[in-house]
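Working notes, beginning with the structure itself.
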Amino acid sequence: MNKSAAQLVASRCGADEWELRVQLAACYRAFVHYGWTDSIFTHLSARVPGQANQYLINPYGLLFEEVCASNLLKVDFDGNVIDGDYPYNEAGHAIHSAMLKARPDVNVALHSHTRAGMAVSCMDCGLLPLTQQANEIRDLLVYHDYGIAVGHGEECERLGVDIADRWIMIMRNHGLLTVGRSVAEAFYYLYTVESACKVQVDVLACRQGYVTPDPAVVDEQAYHGKQRSGDSHDYMQLAWDAVLRLLDKKDPSFRD
């Protein structure tokens, strides 16, 4: 959208919401950069500041490279579009409202259908303790058996129950989902689990024997990963700030 449209949305939403819109739009563009998109499908959301029962999400039908701060939709938990000129993805509303309802302590939810993430979601072994990334998030991770979200209230309730107090979900036969208190935190968890899934797919594809760290070392890594989940950490924000600099150099139109 052009500058006048951005200014119009910014003037009616307030400074905090506008900043969140910029952050979330940047996350959509980061998905493009890292190759995590699935055409117009999948969705990323963020709770509207000061509005516990409203969230921002992408307009259904736009590619992630077209998403910007001003064209994000504002939707309430009942499915009413509060602000925006597009429809939303019904599955996106079902999944994200379920996450945000179940976890009032988090503000952001990211969902992907990446090749590696979907591949691991189909493996009965789950995420193996092959890498530092996998071991760091071991105790932050939960699995959710496949179910159809659209039109199935029970499935949405089950999503909310299954996430419990965890931060990363492998949705069986479906993909990945992470939550966070900020865009930076949710993005860090998605980046980490996606990296672990990619390596696992590569290792298993080689059909060679593989090694895993000593179980005591895995336990120690998992312990530190879980301990760090108690607070947002500077390194997550530092990593996200680096992504923002990259995106600004490539195409800053996400800020419009």
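What follows draws every value from the coordinates through simple rules; no lab data is involved. Predicted model only: the values in this text are computed from it and were never measured. No Cβ is skipped: glycine too gets one built from the backbone with ideal geometry, and neighbour counts run over all protein chains shown.
The figures follow:
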item: Using alpha-carbon coordinates, inclination of helix 15-34 to the longest axis of the chain, degrees; result: 50
item: Rounded to 10°, Cα long-axis angle of helix 215-228 versus longest principal axis of the chain; result: 20
item: Residues His233, His174, His113 arranged by fewest to most Cβ contacts within 10 Å; result: His233, His113, His174
item: Folded to 0 to 90 degrees: helix 234-250 orientation relative to the chain principal axis, Cα; result: 60
item: Ranking of Val203, Val193 by count of other Cβ atoms within 10 Å, fewest first; result: Val203, Val193
item: Residue order, fewest to most surrounding Cβ atoms within 10 angstrom, among Tyr88, Tyr146; result: Tyr146, Tyr88
item: Given charges at beta-carbon only (K, R positive; D, E negative), |dipole| of the chain in Debye; result: 440
